[in-house]
Amino acid sequence: MTRENQVALYRSMKLIREFEERCLEMAIAGEIIGGIHPYIGQEAVAVGVCSNLTERDFITSTHRGHGHVLAKGADPRRMLAELLGTLEGFNKGRGGSMHAADIRLGILGANGIVGAGGAIGSGAAWAAKERGNSEVVVSFFGDGAMSQGVLLEAFNLAAIWSLPILFVCENNRYATSLKIDAGLAGSAARRAEGFGMVARTVDGMDAESVAGMAGELIARCRDGSGPAFLECSTYRFFEHHSVLEKIGVTFRDLNEVADWRKRDPIISLGRRLGDEVVAEIDAAIKKEIDAAVEFARNAASPEPKDALMHLYAGPVAVRPGVIL
Ligand SMILES: Cc1ncc(C[n+]2csc(CCOP(=O)(O)OP(=O)(O)O)c2C)c(N)n1
Ligand SMILES: [Mg+2]
């Protein structure tokens, strides 16, 4: 990988880390109502995968979605404004953390329903295939989604119809408090192979490895070879949700958490880049997130009388003469 690409990966991971650390503080302080699911620790997955996408490609995301949305190019100012429920958010504050979406960038949304993004992604991939260009879809989900019926149905249709979609399973070993051994029979990647998909596993704590492996699989999707599956071995550094951080509840062995923290993807890549480059990028990102916080805090909230506006789409022209 070129140094320029390594710098881009580092920059994008650091942006997510700084954004999420600030969000976690704001959630614990009660400023982000409803709290957040922090993505801290898993940055290499979103960044490595999305480094292979263009603005024309699509992603679907999860309840732990901030990292995916930022890695796909969303503006952190408008994203934070969304989390604060303001009119400057890209969904006018109606989406919030778990439904943040910037459709113009192909971000089809974070999603509060575990496993649902796989079905939405397969639909988008079907549409892309109909359009006949080389757009692809990436659907991110957690290990917990692997046992949701809707996701397995999406695998089936994607494989039967040979859709241009990469399914990315972020195996962080837990679904809330449920350890993977107690929640998932067999292996995620072997299950995907059962649907006839090419399936690979990768070290999800290393952005360069993720970028390389995702690049190969996305290229296959783009050239019409059908869906593929990537299982990324990763770990979240904080608790499942900010409220658990606030009240100090943990479901995990703290030695295990400490061991995974030693494999911080940002520190590892930073070491390869050197202190000077890292210090410069870190300072620039801090400024960018400071500005995002100020922007979001100054943004206006919707009027209570408008609470029900912007919740449903108006008529959509599917194609000339077809309006739903
Ligand atoms: C269909 C559905 N069932 C249950 C929940 C409650 N829930 C929210 S997050 C979560 C755990 C998901 O685990 P995983 O998919 O591994 O993602 P992670 O939180 O580890 O990123 C559960 C069970 C939900 N949101 N949707
Ligand atoms: Mg999980």
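In a fully extended conformation the segment linking His99 and Ala284 would gain 63.8 nm over its present Cα-Cα distance, using 0.36 nm per residue.
For the chain, the 222 nm mean residue ellipticity estimated from helices alone, with every DSSP H stretch of n ≥ 4 adding -39500 (n - 2.57) and the total spread over all residues, rounds to -14000 deg cm²/dmol.
How do His99, His241 rank by accessible surface area computed with a 1.4 Å probe, from largest to smallest? Let's see the in-between values first.
On the way: His99 95, His241 30 Å².
If we order His99, His241 from most to least accessible, we get His99, His241.
Ligands, DNA and RNA excluded, the heavy atoms of Trp161 present near 120 Å² of accessible surface to a 1.4 Å solvent probe. Seen from Val7, the other residues with C-beta closer than 11 Å to its C-beta sum to a net charge of +2, counting Lys and Arg as +1 and Asp and Glu as -1. Ignoring ligands, DNA and RNA, what percent of the 1.4 Å accessible area of the chain is carbon and sulfur? About 54 percent, which is the carbon plus sulfur part of the accessible surface. Among the chymotrypsin sites (Phe, Trp or Tyr not before Pro) in the stretch 1-71, none sits in a DSSP loop with a Cβ that has at most 14 other Cβ atoms within 10 Å.
Of the residues Val136, Val198, Val243, the one with the largest accessible area comes first in the ranking Val243, Val198, Val136, computed with a 1.4 Å probe on protein heavy atoms.
Between Ser301 and Ile247, 0.36 nm times their residue separation minus their Cα-Cα distance comes to what? If you can, show how the numbers build up before the last one.
Numbers: separation 54, 0.36 × 54 = 19.44 nm, distance 2.81 nm.
My answer for the length gained is 16.6 nm.
Between Ile33 and Ala291, the FRET efficiency estimated from the beta carbon spacing at R0 = 25 angstrom works out to 0.65. Just give me a number: lysine pairs in the chain, eight or more positions apart or cross-chain, with C-alpha atoms less than 23 Å apart. So the count works out to 12. The heavy atoms of Arg191 present about 60 square angstrom of accessible area, all protein chains included, probe 1.4 Å.
Rolling a 1.4 Å probe across the protein heavy atoms gives the chain an accessible surface of 45 Å² per residue. In this Cβ point-charge picture (+1 for Lys and Arg, -1 for Asp and Glu), the chain has a dipole of about 580 debye about its Cα centre.
The values are calculated or read from the model by the stated rules, or taken from the named source; none is laboratory data. Remember, it's a predicted structure, so these values are computed and weren't measured experimentally. Counting neighbours? That spans all protein chains shown, and the Cβs are built from the backbone with ideal geometry, glycine included. Heavy atoms of the whole protein, side chains included, go into the accessibility calculation; ligands, DNA and RNA do not. Shrake-Rupley method; radii C 1.70, N 1.55, O 1.52, S 1.80 Å.
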